[in-house]
1. Starting from the Cα of residue 223, move 7 Å in the Cα-to-Cβ direction to define the label point; list residues of the stretch 165-194 whose amide nitrogen is under 17 Å from there.
2. How high is the relative contact order of the stretch 52-148, in percent, with contacts defined as C-alpha pairs under 8 Å that are six or more residues apart?
3. What relative contact order, as a whole-number percentage, does the stretch 230-338 give when Cα pairs under 8 Å and 6 or more residues apart are counted?
4. How far is it, in nm, from the label point at residue 385 to the one at residue 319 when both lie 7 Å from their Cα along the line to the Cβ?
5. ³J(HN,Hα) across the stretch 352-364 via Karplus (A = 6.51, B = -1.76, C = 1.60, θ = phi - 60°), whole Hz, x for Gly/Pro?
6. List the trypsin sites (Lys or Arg not before Pro) within the stretch 88-179 that fall in a DSSP loop (any state other than H, G, I, E or B) and whose Cβ has at most 13 other Cβ atoms within 10 Å.
7. Could you quote the convex hull projected area for the stretch 272-402, Cα atoms only and averaged over all directions, in nm²?
8. With a 1.4 Å probe and all protein chains left in place, how much of the accessible area of the stretch 271-351 comes from carbon and sulfur atoms, in whole percent?
Amino acid sequence: MITMTFEEVARSVNATSSSTPSIATRAVRGISTDNRRITPGDVFVAIAGERADGNTYAQAAIEAGAVGVISADKDRAIASGVDPELIISVQDPIEALGLLAHAQAQLLRVEGAKDFHVVAVTGSVGKTTTKDLLALLLRNRGPIVAPPGSFNNELGLPLTVLQAEQTTATLVVEMGADHIGNIDYLTGIIQPDISVVLAVGRAHIGEFGGIDNIALAKSELVRGTRPGGIVVLNYDDERVRNMAKDARGDVVYFSASGQHTEGVWASDISTSDTGHASFTLHYGDQQARVDLGLVGRHHVTNALAAASVALLMGSTVSQCAQDLTHARAGSPHRMDVWNRSGITIIDDSYNANPDSMRAGLQALSHIGHGRRTIAVLGQMLELGESSQSEHRDIGTIVAELGIDILIGFGPGIEPIIEAAHTRGVRVESVAEVSQAMHLLDTLIDEGDVVLLKGSNGSGVWRLADALKEIGR
C-alpha cells in the first residue's frame, strides 16, 4: 500500500472522522481484516461475519499496533475499548475496502513504478493456477504482487490491490463471479492493462441460470479492460472466442488444440506416467519444448494463457518454456500431488464444478494406470436445477474411467454414488473427516493413487489437510 494519512483514508471511503489533527495526520501503511495479523501502521477493517464480529476485536487490533478502525458498528467498536477518534464510520466495510483499493489503484498509476501493469484473469476453471504461473513468468519485470490462494471477490480483490506498493511493477489479480455484475464491480476498483479469459464452464450455473449468462458475466472483464489494453482469449472455447467483439484494444488468442496458430499455441502434447504434460510452445516463428511442472493435461491451457501475457510483456518463448518446466502448485489444494508411505495423493480439493471434476478424474485415471485408484469426492455446489444430473454424470465418468473405488464425502453426493455403483464401481460413504481417515487407513495400500476433490463448501480440503499433517 502507498502510504496515506488517516484523514486521506477516511476521505477515500467517503467517510469523515472526528479525529484530532495529531490522529488525522497519522501514517497508514497497510490494511488488515484480521486483528491477529496486524502490522504496526495498519488500519483494521472490522467485518461482521457469520462466525465472529470484527468489531469486538477492534481494541485488540489497536493494541497490536493498528492506527485506527474502519467500522459499520461504531458503538460495538467503542464497547471493545477503542477511542472514538480512532474510528472511521462507514455503512459497509467491504464496500469501503473497495473504495480504498480504488483510491490506491489511482495512486499506483500516478506514483507507482514507471512501467506498472495490472493483469487480470477470469474463467470458470484455472484462474488461480494461471495467476500462480503469471507470478512465476513475470517475476523478472520487478516486484510482483500475486498472492497465493484465491482472492477473487469483492473482499479478496481489494485486499490484493492493497498489497501493491510504490515499487510494484506487476499486479496480478483474479476476478471471479457468481452473478452478473460481479466483474463489472471489480473492474470498477481497478482496470486491467491486460486481461485473460480462460473458459466458460458450468461453475455456479445454478446462480447464473444458464451458461450463456456465465459467458456474459465473464465478458465483463473484456469490457472493463482499460481502453487500448490487450485482451487474451482462449480460442478453443467458442464463447470466449466470441468476446473479441467487446474488446477496446488488441486481442491475442491462445490455443491448446492448435486450431489457431496466429497467437500462442501448442503442438505435440503428451502426458507422462506421472501426469505431467509436455508440449511444444509456439509464438510466431519461435518455439520451444515445455515439460510442464504441473500435474494434469488440462494445465496446458493455463500455461499457454500465462505464456501469452509474459510474451506480450517482453519475455521469450525459451524463457517461458524454462519457467513453465520449473512450475509447481503455487496455491494449496490445486492438483498438489504428493506421496504418503508409498501412496500417491492428488489433492485438488479447493473447489469443484463439472468441468474441473472431469479433469481431476482423468488425471487420477492416467496417473493410476496399472495401479488401484480411489476417488474421494464431495458435492459440487451451486449447480441449481442441474445438480442431480451433473452429479449422476460424474458417477458415470467414474465408472467409464475404470476408477476402482469411490468414496462419497459428506451430503449431496448420493447421485454420484448411485450412478457409479450401478455400473460396478465399489462405493463407500463417509460423513466427516474422522470417518474418512479411519476408512482410508483400513482401505488404502502401498501403490494406490487417491484423488481428493469437491467444492470448498463440501469440506474435502479438511481431509486433505489431515492427511498431509500425518504425512509430515
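The values are calculated or read from the model by the stated rules, or taken from the named source; none is laboratory data. Just so it is clear, the structure is predicted and the values come from calculations on it, not from any experiment. Methodologically, a virtual Cβ is constructed for each residue, glycine included, from the backbone with ideal geometry; neighbour enumeration extends over all protein chains shown. Each accessible area value is taken on the protein alone, full model and side chains, heavy atoms only, with ligands, DNA and RNA left out. Shrake-Rupley method; radii C 1.70, N 1.55, O 1.52, S 1.80 Å.
1. Zone members listed by number: 176-192.
2. Values: 68 pairs, mean separation 16.6, N = 97.
RCO, the stretch 52-148: 17 percent.
3. Computed over the stretch 230-338, the figure is 20 percent.
4. The modelled label-to-label distance comes out at 5.2 nm.
5. Once θ is set to phi - 60°, the couplings for the stretch 352-364 become 7, 9, x, 6, 6, 5, 4, 4, x, 5, 5, 5, 4 Hz.
6. Details: sites: 109, 114, 127, 131, 139, 141; in loops: 114.
Passing both the DSSP loop test and the Cβ count: 114.
7. Numbers: hull surface 38.5 nm².
Hull-based average projected area comes out at 9.6 nm².
8. Numbers: 1390 of 3080 Å².
Accessible surface attributable to carbon and sulfur in the stretch 271-351 totals 45 percent.
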